[in-house]
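The values are calculated or read from the model by the stated rules, or taken from the named source; none is laboratory data. All values derive from a computational prediction rather than experimental measurement. Neighbour counts are summed over all protein chains in view; Cβ atoms, including those assigned to glycine, are modelled from backbone coordinates with ideal geometry. Side chains included, ligands, DNA and RNA excluded: accessible areas come from the protein's heavy atoms. Shrake-Rupley method; radii C 1.70, N 1.55, O 1.52, S 1.80 Å.
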Amino acid sequence: IANRAGVLKYDGEARDFYKTPSAALSIAVDSSDVVYVGCIGEVGIIDYQDREFQYSSIHVSDTLNDLFLETRHMLGKVYFMGSNNLIVYDIANKTVNHHKGSFMNIYELDNEMFINTSDEKTYLINDSLTVIKTDKRVSYSSVKRNMPDLLIGYDQAIYSYQNFEFTRLPQSTILQESGFEAKEIQWL
């Protein structure tokens with residue numbers, strides 16, 4: 001659980017608390033159960049050092065106003081999206097790739113990571129940011145192996161995505177007619 005003072009971990013029996021330098025705003029867990037944390041003005045990792053688990057910094061932003069609101073893990077990389085900075089951390093090489101911009105949200109489709117900016121552009125994230133043309137502006141996605149990707153569009157509709165095709169799901173109509181707005185979606 002990311003919170004104002006750090007990260008709280010609960011394994012069903014015991015709780016552990018890991019202090020971070022500022023409020024923990026987002027977390028991601030890799031396939032080895034390592035926890036990555038996006039904070040205010042900084043990103044880091046909960047790692048074993050000095051005979052205990054504790055927070056260790058990966059990158060400090062050039063401004064404390066940068067809120068790392070989204071942290072994603074995919075294919076050996078961790079993506080920390082702040083309002084003004086995108087930090088891509090390569091886990092194996094322990095290297096950081098830093099991009100500047102005015103970022104809105106980050107999402108995954110077809111094993112690739114994308115980011116939207118405030119000027120309504122969408123970029124594919126590689127070693128550099130490559131602007132792409134897209135049929136749908138995506139605000140949130142959920143990926144599960146052997147299942148179609150699920151996503152929420154900027155139009156607040158829920159879609160599945162498979163074989164380069166967006167399919168609007170019938171649940172979108174029910175939610176919109178009831179006056180509800182979808183913010184996040186998750187495969188269970």
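How high is the relative contact order of the stretch 105-187? Use alpha-carbon pairs under 8 Å, at least six apart in sequence, and give a whole percent. It comes to 22 percent, rounded to a whole number. Rounded to the nearest 0.05, the FRET efficiency derived from the C-beta distance between Lys183 and Gln49 at R0 = 41 Å is 0.70. When Cα extents along the principal axes in Å is calculated for this entry, the matching label among (1) 95, 38, 33; (2) 52, 40, 31; (3) 118, 33, 25 is (2).
Taking the alpha carbon gyration tensor of the stretch 44-97, multiplying each eigenvalue by 5 and rooting it gives semi-axes of 20, 15, 10 Å, largest first.
Under a 5 Å amide H cut-off, with hydrogens placed 1.01 Å from N, Thr20 pairs with Gly6, Val7 among residues at least 5 apart or on other chains.
Sparsely packed loop sites in the stretch 77-144 (the GluC sites (Glu not before Pro) outside DSSP H, G, I, E and B with at most 16 other Cβ atoms within 10 Å) comprise Glu120. Select from Asn163, Asn111, Asn93 the residue whose mean-square fluctuation is largest in a Gaussian network model of the chain (Cα-Cα springs shorter than 10 Å). Fluctuation is largest for Asn163. Considering Cα pairs under 8 angstrom that are at least six residues apart, work out the relative contact order of the chain and quote it in whole percent. Worked out over the chain, it gives 10 percent. For the stretch 128-188, GluC sites (Glu not before Pro) meeting the loop criterion (DSSP other than H, G, I, E, B) and having at most 15 other Cβ atoms within 10 Å: Glu181, Glu184.
Determine the dipole magnitude for the stretch 30-111: charges of +1 sit on the beta-carbon of Lys and Arg, -1 on that of Asp and Glu, nothing else is charged, the reference point is the Cα centre, and the result goes in debye to the nearest 20.
My answer is approximately 160 debye.
Applying a DSSP loop filter and a limit of 15 other Cβ atoms within 10 Å to the chymotrypsin sites (Phe, Trp or Tyr not before Pro) in the stretch 71-178 leaves Tyr154, Phe164. Over all projection directions, the Cα-based convex hull of the stretch 89-188 averages an area of 7.7 nm².
Residues of the stretch 94-133 with an amide N closer than 16 Å to a point placed 7 Å from the Cα of Val34 along the Cα-to-Cβ direction: 94-97. Of the Cα atoms belonging to the stretch 1-109, the radius of gyration and Dmax stand at 13.2, 42 Å. Listed values for the stretch 13-27 are Karplus-derived 3J(HN,Hα) couplings in whole Hz (6.51 cos²θ - 1.76 cosθ + 1.60, θ = phi - 60°), namely 10, 10, 10, 10, 10, 10, 6, 10, x, 8, 4, 7, 9, 7, 9, and x replaces Gly and Pro. Using a probe radius of 1.4 angstrom, the carbon and sulfur fraction of the accessible surface of the chain is 49%. If you plug the beta carbon distance of Thr173 and Leu124 into 1/(1 + (r/R0)^6) with R0 = 30 Å, you get a FRET efficiency near 0.45.
Entry comment: accessible area of the chain is 59 Å² per residue, from protein heavy atoms only and a probe of 1.4 Å.
Placing +1 on the Cβ of every Lys and Arg and -1 on the Cβ of every Asp and Glu, with no other charges, gives the chain a dipole of roughly 80 debye about its Cα centre. For the stretch 35-50, putting each phi into the Karplus relation 6.51 cos²θ - 1.76 cosθ + 1.60 with θ = phi - 60° gives couplings of 9, 10, 10, x, 10, 8, x, 7, 10, x, 9, 8, 9, 8, 8, 6 Hz, in residue order, rounded to whole numbers and with x for Gly and Pro. A Förster radius of 25 Å combined with the Cβ-Cβ distance from Lys19 to Lys94 puts the calculated FRET efficiency at roughly 0.65.
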